[in-house]
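**Q** Okay, here's the structure, questions in a sec.
The values are calculated or read from the model by the stated rules, or taken from the named source; none is laboratory data. In this text the structure is predicted, and so the values were computed from the model without any measurement. All Cβ positions, even for glycine, are placed from backbone atoms using ideal geometry, and neighbour counts span all protein chains on display. With ligands, DNA and RNA removed, areas are computed over all heavy atoms of the protein, side chains included. Shrake-Rupley method; radii C 1.70, N 1.55, O 1.52, S 1.80 Å.
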Amino acid sequence: LTPAESLFSTLCSIFSFFTCDSEVFDNCGGVQKCDCCGSLILFVLLQQKLDCFSMANVSWYGGPSIRAQRWPLNGAESPAQPLVSGDLSTNPDGFGPVLERYFLGSTGVTVTVAPDVSLLLSLESHRQFCLETPAGRAEPLQYQLCVSADVAAAHRHRAGAARTPPDTALLRSPIWRYHGPEGSAAKIRRGLRSLVRRLKRHRLQHGVVALGERGTAVLAAVDLVPWERRKRQVPALVEPLELSITLSPYANVTSPLFLRSLRGGEAVGYWLSRQPRPGGSSIPLLTTWKGQLCARLNVTSEAALGWFLARARRLQQTLGATYVAFEGVEGNSFLEQNVPAPAELVGDGYTEVLAAALATLGNGTIISAGTRSSHLPLFVQMSPLRSDWSHAGLKGLIPSVLHYSLLGYNFFIPDAVGGSVAGTTPGDQELFVRWLQIVTFLPVMAFGTSPWLCCDTWVLNLTRQCIQRHRDFVVPLLLKYSEEWQSLGYPIFRPAWWLSPTDPVAFTIEDEFLIGDEVLVAPITEKGQTWRDIYLPGEGQLWLDTNTARVFDGGTTLRNYSASLAEVPVFVKTS
């Protein structure tokens, strides 16, 4: 074998892709130097339809988000299913709203699947993951293999488009989700006033009040009042806070919005439709959204997109909203109903097209999904988590942070402190505190349960302290490392192996994270614990404990390190 063939054969034996010999190698499409990453790259174009990658001695990262997120991906389990974004609240066994066709191995290997290949992914916990094309398709697997010196170098070499951050002013503004009455516009106004009064009373009068989709529709009275007759209704209700409203690309089939859009032949194409039979007319592809029968916006129609975006701009102006959140961006409605999709909407085409369109609304836009859109100036709302200590709850938060950031989605909004999906321990004050301590070091702090309702006075005081620490300490760090992300594509939130890329201990640490290269956060994620082991990455470097001012060597593990309920271990690199 030539040296290139020998390397390829070695890779194949390590990762169990397939048995590789000279004859197979000649069919693989060859070997060439990769200018974009400076590493040996192997373009693999195979006639087979299934390849599996061993998890036995390799930790893998990337790919899809899942309900109980793991870091690395080795502990996840999933049958073969399309690698397409989805809503975990309606399909908890599917893949989540943020994913990429990119897999990173701890040995310094990356696997990137071509975007136009129909792809199924299966995960067999701690054994292997497999990529395959669906039965009945003639297309073979096509993916790119890149080999680097170590896992961090492999990810640094990943090429990407120019990146633009969203409105970084939101980083300094905690989000307070409105959960008051929504029966009428008058009730919503009273509820908003009440929330703002309470925030002022508790000295939390800065931030953003987030109104859900139903409240947005009721308050705007978008279906009932002509826009010309409306006035800017809401700023006085939430001042000195700002307002965020929520929309989606769905319309209830009984709503005036949907019915009005169908009047006149020019609006028939505004909604996704089944492919008509020869001589027949198109019929809207109906689906469910929040338990209601709905139609979904046709993003392949310029007229439909223009109408939808114009409506969003009018609502934002009418309601005086600083931010607009869009739910329901994820998912493939055709795939869910086993109906052939238009070519441009195959796979995650819908999410990609809609994200690009929503980015034109401005950098105060928040969306619920991301795929091939990390370069856009958008915030991404993380999936809801359970109010418990499991991987579907608190333990899944840091793995999700690392997953989103690795894939380029650094400006995410985590779920509300304490979780927003009912768990096994409602009203758990300890859970709220430990969750708060993690969210303090993330891009945006979001609250669903008010701290003065769930917890003791000391927790309310702690909340104020955490919000202040986030503004004074965390936000400057995020802005500093966002420049690296924009220019180089490096994640802002980094795993331990970023500074210790050859230490096997670092490959499986899922309860710590770095902000850039200089701050390590190691919170408690176990109920009742006031101590934990802490791995300090970076052999030869020094770390200062911000709580005790003690200095420790990098490349070591601190055993049974104390962290009371009021503390979160945070270390700053000093050299």
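**Q** Given the conditions (1) aliphatic (A, V, I, L, M); (2) under 25 Å from ASN363 (Cα atoms); (3) within 27 Å of the chain's Cα centre (by Cα), and given that LEU319 satisfies all but one, which numbered condition is not satisfied?
**A** (3)
**Q** To continue, here is another question. Inside the range 415-459, can you point out the residues that are crowded, with 18+ Cβ neighbours inside 10 Å and in a helix (DSSP H, G or I)?
**A** LEU431, PHE432, VAL433, ARG434, TRP435, LEU436, GLN437, ILE438, VAL439, PRO451, CYS454, VAL459
**Q** Restricting attention to the range 327-348, report how many residues are more than 19 Å from GLY306 (Cβ to Cβ) and part of a helix (DSSP H, G or I).
**A** Qualifying residue count for the region: 5.
**Q** Considering ALA80, ALA135, which residue is modelled with pLDDT of 95 or more, open to solvent by 50 Å² or more (accessible area, probe 1.4 Å), more than 21 Å from the chain's Cα centre (by Cα) and aliphatic (A, V, I, L, M)?
**A** ALA80
**Q** Give the residue that is most open to solvent (accessible area, probe 1.4 Å), with candidates limited to residues of the range 484-533 that are acidic (Asp, Glu) and more than 22 Å from THR107 (Cα to Cα). Steps first, answer last, please.
**A** First pass over the range 484-533, keeping only residues acidic (Asp, Glu): 484, 503, 510-512, 517-518, 526, 533.
Restricting the remaining residues to those that are more than 22 Å from THR107 (Cα to Cα) gives 484, 518, 526, 533.
Working: GLU484: 56, GLU518: 45, GLU526: 79, ASP533: 62 Å².
Result: GLU526.
**Q** Return yes or no: is PRO165 over 20 Å from the mean Cα position of the chain (by Cα) and either crowded, with 19+ Cβ neighbours inside 10 Å or part of a loop (DSSP other than H, G, I, E, B) (or both)? Let's see the steps before the verdict.
**A** Working: over 20 Å from the mean Cα position of the chain (by Cα): no; either crowded, with 19+ Cβ neighbours inside 10 Å or part of a loop (DSSP other than H, G, I, E, B) (or both): yes.
No: the conditions fail for PRO165.
**Q** Also, quick follow-up: Within the range 213-221, is there a residue that is at pLDDT below 75, in a loop (DSSP other than H, G, I, E, B), open to solvent by less than 50 Å² (accessible area, probe 1.4 Å) and small (Gly, Ala, Ser)?
**A** Restricting attention to the range 213-221, the residues satisfying the condition of being at pLDDT below 75 are 221.
The next check asks that each one be in a loop (DSSP other than H, G, I, E, B); those that pass are 221.
Adding the requirement that they be open to solvent by less than 50 Å² (accessible area, probe 1.4 Å) leaves 221.
Subsequent filtering for residues that are small (Gly, Ala, Ser) retains 221.
Checked against the condition, which is being at pLDDT below 75, in a loop (DSSP other than H, G, I, E, B), open to solvent by less than 50 Å² (accessible area, probe 1.4 Å) and small (Gly, Ala, Ser), the range 213-221 yields at least one hit.
**Q** Would you mind finding the one in SER390, SER405, SER383 that is in contact (Cβ under 8 Å) with a residue 40 or more places away in the chain, assigned to a loop (DSSP other than H, G, I, E, B), closer than 25 Å to ILE515 by Cβ and among the small types (Gly, Ala, Ser)?
**A** The match here is SER383.
**Q** Would you check which residues across the range 207-223 are touching a residue at least 12 places away in the same chain (Cβ under 8 Å) and not β-branched (Val, Ile, Thr) and list them?
**A** At the first step, the residues of the range 207-223 found to be touching a residue at least 12 places away in the same chain (Cβ under 8 Å) are 207-216, 218-223.
Matches in the range 207-223: GLY207, ALA210, LEU211, GLY212, GLU213, ARG214, GLY215, LEU219, ALA220, ALA221, ASP223.
**Q** Identify, please: which residue in the range 197-206 is touching a residue at least 60 places away in the same chain (Cβ under 8 Å) and in contact with a Phe, Trp or Tyr (Cβ under 9 Å, 6 or more places away or on another chain) and is, among those, least open to solvent (accessible area, probe 1.4 Å)?
**A** The qualifying residue least open to solvent (accessible area, probe 1.4 Å) is LEU204.
**Q** Just give me the residues in the range 138-158 being at pLDDT 90 or above and in a strand (DSSP E or B), in sequence order.
**A** In the first step, residues of the range 138-158 are kept if they are at pLDDT 90 or above; the result is 143-156.
Selection gives TYR143, GLN144, LEU145, CYS146, VAL147.
**Q** Restricted to the range 254-279, and to residues that are open to solvent by 70 Å² or more (accessible area, probe 1.4 Å) and at pLDDT below 85, which residue is farthest from the chain's Cα centre (by Cα)? Give the steps one after another, and end with the answer.
**A** Start the filter on the range 254-279 by keeping residues that are open to solvent by 70 Å² or more (accessible area, probe 1.4 Å), which leaves 254, 259-260, 263, 266, 274-275, 277-279.
From the residues that got through so far, the ones that are at pLDDT below 85 too are 259-260, 263, 266, 275, 277-279.
Values: LEU259: 34, ARG260: 34, ARG263: 38, GLU266: 36, GLN275: 32, ARG277: 38, PRO278: 41, GLY279: 43 Å.
The residue in question is GLY279.
**Q** Do we have SER500 as outside any helix (DSSP H, G or I), touching a Pro at 6+ places or on another chain (Cβ under 7 Å), hydroxyl-bearing (Ser, Thr, Tyr) and in contact (Cβ under 8 Å) with a residue 40 or more places away in the chain here?
**A** On the way: outside any helix (DSSP H, G or I): yes; touching a Pro at 6+ places or on another chain (Cβ under 7 Å): yes; hydroxyl-bearing (Ser, Thr, Tyr): yes; in contact (Cβ under 8 Å) with a residue 40 or more places away in the chain: yes.
Answer is yes for this residue.
**Q** Scan the range 349-384 residue by residue and report those that are within 24 Å of ARG311 (Cα to Cα) and open to solvent by 40 Å² or more (accessible area, probe 1.4 Å).
**A** The first filter runs over the range 349-384 and keeps only residues within 24 Å of ARG311 (Cα to Cα), leaving 349-370, 373, 376-381.
The answer is GLU352, VAL353, ALA356, THR360, ASN363, GLN381.
**Q** Exactly one of (1) open to solvent by less than 60 Å² (accessible area, probe 1.4 Å); (2) free of Cβ contacts under 8 Å to residues at least 40 places away in the same chain; (3) acidic (Asp, Glu) is unmet by GLU124. Its number?
**A** (2)
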